[in-house]
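Each reported figure results from applying straightforward, stated rules to the coordinates on display, with no laboratory input. Please read all numbers here as calculations on a predicted model, not as lab measurements. Here Cβ is always computed from backbone atoms with ideal geometry, including for glycine, and neighbour counts include all displayed protein chains.
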Amino acid sequence: MNPITTAHAEFCLDVFKELSRNNVGENIFFSPLTVFYALSMLLLGARGKSAEQMEKVLHYDNFSEFLNPKMKDFYECSQGRRKYSEFGALLSQINQMNSLSIANRIYGTRTITFHKQYLRCSERLFQAKLQTVDFELSTEETRRSINTWVENKTNGKVTNLFGKGTIDPSSVMVLVSAIYFKGQWKNKFEKRDTVKAPFHISVGKSAVVDMMYQTGTFKLAFIKEPQMQVLELPYANNNLRMIILLPVGTANVNQIEKHLNVKMLQEWTNSSNMVEREVDVHIPKFNLAVKYDLNSLLKSLGMRNIFSVATADLSGMSPDKGLYLSKVIHKSYVDVNEEGTEAAAATGESIAVKRLPVTVQFTANSPFLFTIQDKSGNILFTGKLVSP
């Protein structure tokens, strides 16, 4: 993995674990990429302690070659902060995928002066243009305008991102990042093979779901500790894949989460550690629409100064005082069905390659983790299905 992909993966798992801790027993689904983008756009204009905290939370501080601690002025994007040019290249790579689109936009109040350099860099690196609006006199009109833009960029799947009252007349800047994905399975499930079957939510609690089925050749890994099967389901263009981490035996999804870190995830999902086998695949149809207010979560990870008018330093964005981040809201949508997926937001010794039956059973009828990744390992979506 390149440093940006690694930083993004670290941030993804930090957010996932916080969401899981704060939403016990609930489904989890979000796009770490869009949150990472929006915050990176903000970091481009952050300075001082605000920038230091953001760099730590986004794991940029692990890569000293990306940082320039002596930077006081707003340099050219290509200077001082190499991470941004790296990130711009990642954005271009992702936007070349026909099934996926990601778009960023800055909404700024007419009463604030923004550094032209910041606006040029945002557009060059994040393809994000500034849309001037009137938060003070046209608050509701602005809120509806932003929501309409997000809805259009996500094919109507992410609606009402900013609910009534989340944008107020005192707002000066809103950063928006939207992602939409509609992928066809490389090997589609036949609708006639979908049957009603139990999904074991917890001990003594089950629900009847639509369970899809197919037999085919898939990459599969068997993990010894914690016990799980890892299945790779590729999408039609071979650029993207869904990875399902399914606990088996006496293991459960909580045990997988306890062992989860970037090194382990890379090990578990590495294609070279998987074996192509004939697999009977049973996975439930499901769709999730989940919304999170990330303010308290980001503060708990260490990003505190940027949320306070007294301590936020966004002098790289504007010469005006009093700029701070008031709200980070994330909403995502996923629909997994027979056709495909539609979504809008240890050591090698632990890999067990055994002598296996001719056909292996993979039956996802209990809670599991899943990610949607590109072939470079960038995590576009992450989730935990507890109850379809």
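Counting Lys and Arg as +1 and Asp and Glu as -1, what is the net charge of the other residues whose Cβ lies under 9 Å from the Cβ of H59?
Computed value for this residue: -3.
Helix-derived [θ] at 222 nm for the chain: sum -39500 (n - 2.57) over DSSP H runs of at least 4, divide by residue count, nearest 500? Don't jump to the answer; show the numbers that get you there.
Working: 9 runs with 104 residues, N = 388.
Mean residue ellipticity at 222 nm (helix-derived): -8000 deg cm²/dmol.
Give, as ranges by residue number, the residues of region 38-52 whose backbone N falls under 20 Å from the point 7 Å along Cα→Cβ of N2.
Counting backbone N atoms under 20 Å from the label point, the list is 38-44.
Quick one: length gained pulling E26 to D320 fully straight, 0.36 nm per residue minus the C-alpha distance?
Computed gain between E26 and D320 is 101.6 nm.
Dividing the alpha-carbon radius of gyration of the chain by 2.2 N^0.38 Å (N being the number of residues), what value is obtained?
1.02
If packing is taken as the average number of other Cβ atoms within 10 Å across a peptide's residues, how do 292-304, 362-374 rank, most packed first?
Values: 292-304: 17.2, 362-374: 20.5.
Ranked by mean Cβ neighbours within 10 Å, highest first: 362-374, 292-304.
Which value does Rg/Rh take for region 212-259 over its C-alpha atoms, Rh per Kirkwood? Spell out each step's value before the answer.
On the way: Rg = 12.3 Å, Rh = 11.9 Å.
For region 212-259, the value is 1.03.
Using the per-residue mean of other Cβ atoms lying within 10 Å as a proxy for protection, in what order, highest first, do the peptides 252-258, 218-224, 171-177 fall?
Numbers: 252-258: 16.1, 218-224: 20.1, 171-177: 22.3.
So the order, starting with the most tightly packed, is 171-177, 218-224, 252-258.
Rounded to the nearest 0.05, what FRET efficiency do K258 and D168 give with R0 = 25 Å and r taken as the Cβ-Cβ distance? Could you check? Don't skip to the end; give the middle numbers.
On the way: r = 40 Å, r/R0 = 1.61.
Calculated value: 0.05.
Find how much the distance from V248 to A197 grows on full extension, using 0.36 nm per residue of separation minus their present alpha carbon separation; answer in nm with one decimal.
Values: separation 51, 0.36 × 51 = 18.36 nm, distance 1.79 nm.
Going from the current span to full extension adds 16.6 nm.
If you stretched the chain out fully between S272 and K56, how much longer would it get, using 0.36 nm times the residue separation minus the C-alpha to C-alpha distance?
On the way: separation 216, 0.36 × 216 = 77.76 nm, distance 3.13 nm.
In short, 74.6 nm is gained.
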